[in-house]
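Colleague: Take this structure first; my questions come after.
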Amino acid sequence: MRNFTEEQTMFRDAYRKFLEAEIKPHMERYREQGIVDREAFEKAGEQGFLMIWPDEQYGGLGDNDFRFEQVIIEENVRAGTGEWFATLHSRLVGPYIDHFGNDEQKQRFLPDCITGKKILGIAMTEPDAGSDLSGMRSTIVEKDDHFLLNGSKVYISNGILADLVIVAAKSDPENNPHAMTLCVVERGMEGFERGRNLDKMGLKAQDTAELFFTNVKIPKENILGEPGKGFFYLMQGLAEERLIAMVGATANARHAFNLTRDYVMDRKVFGKPLANMQNTQFKMAEMDAEIDIMQVYVDHCVSEHNEGRLTVNMAAKGKLQGSELEWRMLDLGVQLHGGAGYMQEYPICRMFTDSRVNRILAGSSEIMKFIIGRDVFNENYTSLLD
């Protein structure tokens, strides 16, 4: 039995109804136009489904229990609306303002983010700086009464829609590759330009863009935290980012399993359901067991995160296993669908292409193995059972 409160169960029911009424009916149009309407965020904000955690003084509910976001992620998967990156706005980017912003910045930014009037994005990735942030080339240099930002970013989610973009840039590139500063770049700032909405393999409704910064004057009141400490701030957010990824991947694996189960029970091969074939039963039995076991670990990580005990290593393990399991399930789902699995009219087809990026984003599987392996051979290594 999963450990959700009565309030969270009621929240799940309300959010499910919201998605069915306000988001799901528009998804095909969003995919065709390559971007979600801004009003999707506004409608969610109006009903209290964006950024649950901020204090009531900013317009939030003041409840930082990650299980609320877990409900949101799982229900978006269930409804087929995951290309609407509400969680990136609410739980991946928003907390940077809460954790590292001062009172004035919280008062200035959070209320409009909670209502959906302002949409958030975060810009770290560059052509030569993905998982390795030390390869970053963008710079932010302090002047008399402002900072000057130069550089470019690529593959930025919410890149077209975002009104506020948290940008990471090097502040002492010559002497310290890890000295970075986080700043909030606002829509309309002179020198801030967006490239095209990138044409991706999947996630067609989700806008992804290149961002360009040419002598952008950043007011000092738009600097988050202490200048030069941005690298450490980013590291603090990575465990939760990977928790978000493992929650979504595991939910997606279960959804793909359910779709495949329904299909093979109806599909006839040699006069009997495909589900009657021993190969189908064995393959699906393996996936059912693996997904259930993964879900237990995900729920454990959520509980640990709520208690402030989720480590980088735990998150890396969950992100690695969750995304790899998701990929195996989707590959099996397409295979068991046969030719139908290759057709866009079947949800398993779109899920297959949409999910491919999940073994890359939030740190690739190879980087997760590197993090885990580094910990395994540390002299202070301990396992969950120690």
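Colleague: Which of (1) closer than 21 Å to residue 233 by Cα; (2) assigned by TED's automatic domain parsing to the domain that holds residue 208; (3) under 18 Å from the mean Cα position of the chain (by Cα) does residue 161 not meet, given it meets every other one?
Modeller: (1)
Colleague: With respect to residue 299, determine if the residue is more than 20 Å from the chain's Cα centre (by Cα), part of a helix (DSSP H, G or I) and modelled with pLDDT of 95 or more.
Modeller: When the stated conditions are applied, residue 299 does not pass them.
Colleague: Test of understanding: among 91, 31, 16, 2, which residue is at pLDDT below 95 and of a type in the set (Lys, Arg)?
Modeller: Of the residues listed, the single one that is at pLDDT below 95 and of a type in the set (Lys, Arg) is 2.
Colleague: I want to confirm something. Restricting to segment 225-267 and keeping residues that are outside any helix (DSSP H, G or I) and either of a type in the set (Gly, Ala, Ser) or buried (at least 23 other Cβ atoms within 10 Å of the Cβ) (or both), which single residue is farthest from the chain's Cα centre (by Cα)?
Modeller: 228
Colleague: Right, next: Among the numbered criteria (1) at pLDDT 95 or above; (2) surrounded by fewer than 20 Cβ atoms within 10 Å (Cβ to Cβ); (3) over 17 Å from the mean Cα position of the chain (by Cα), which single criterion is violated by residue 200?
Modeller: (3)
Colleague: Taking segment 318-340, which residues are among the charged types (D, E, K, R) and under 15 Å from residue 240 (Cβ atoms)?
Modeller: 319
Colleague: Still on this structure: Residue 283 is checked against (1) among the charged types (D, E, K, R); (2) in contact with a Lys or Arg (Cβ under 9 Å, 6 or more places away or on another chain); (3) touching a residue at least 40 places away in the same chain (Cβ under 8 Å) and fails just one. What number does that condition carry?
Modeller: (2)
Colleague: In segment 329-386, what count of residues is obtained for those that are among the hydroxyl-bearing types (Ser, Thr, Tyr) and crowded, with 20+ Cβ neighbours inside 10 Å?
Modeller: Number satisfying all stated conditions: 1.
Colleague: Of all residues being at pLDDT below 95 and assigned to a helix (DSSP H, G or I) in segment 104-150, which is nearest to the chain's Cα centre (by Cα)? Just the residue, please.
Modeller: Among those that are at pLDDT below 95 and assigned to a helix (DSSP H, G or I), it is 133.
Colleague: Next question. Using beta carbons and a limit of 8 Å, which pairs, at least six apart or on different chains, have the first residue in segment 372-386 and within 10 Å of residue 313 (Cα to Cα) and the second one among the aliphatic types (A, V, I, L, M) and surrounded by 10 or more Cβ atoms within 10 Å (Cβ to Cβ)?
Modeller: 372/316; 372/320
Colleague: Test each condition in (1) in contact (Cβ under 8 Å) with a residue 60 or more places away in the chain; (2) of a type outside the set (Asp, Glu); (3) in contact with a strand residue (DSSP E or B) (Cβ under 9 Å, 6 or more places away or on another chain); (4) part of a helix (DSSP H, G or I) for residue 350 and report the one that comes out false.
Modeller: (3)
Colleague: Can you list the helices (runs of 4 or more DSSP H) lying wholly within segment 25-89 that have 1 or more residues being buried (at least 18 other Cβ atoms within 10 Å of the Cβ) and among the small types (Gly, Ala, Ser)?
Modeller: Passing ranges, in order: 38-46, 67-79.
Colleague: Now, a different point. Search segment 306-331 for residues that are assigned by TED's automatic domain parsing to the domain that holds residue 66 and farther than 30 Å from residue 343 by Cα and pair each with any residue that is at pLDDT below 95 and outside any helix (DSSP H, G or I) when their beta-carbon atoms are under 7 Å apart and the residues are at least 6 apart or on different chains.
Modeller: Within 7 Å, no pair qualifies.
Colleague: Suppose we filter 269, 264, 298 for residues that are free of Cβ contacts under 8 Å to residues at least 12 places away in the same chain and more than 19 Å from residue 167 (Cα to Cα); which single one remains?
Modeller: Residue meeting the stated conditions: 269.
The values are calculated or read from the model by the stated rules, or taken from the named source; none is laboratory data. For clarity, every value in this text was computed on a predicted model and none was experimentally measured. Reconstructed Cβ throughout: ideal geometry from the backbone, glycine too, with neighbour counts over all protein chains shown.
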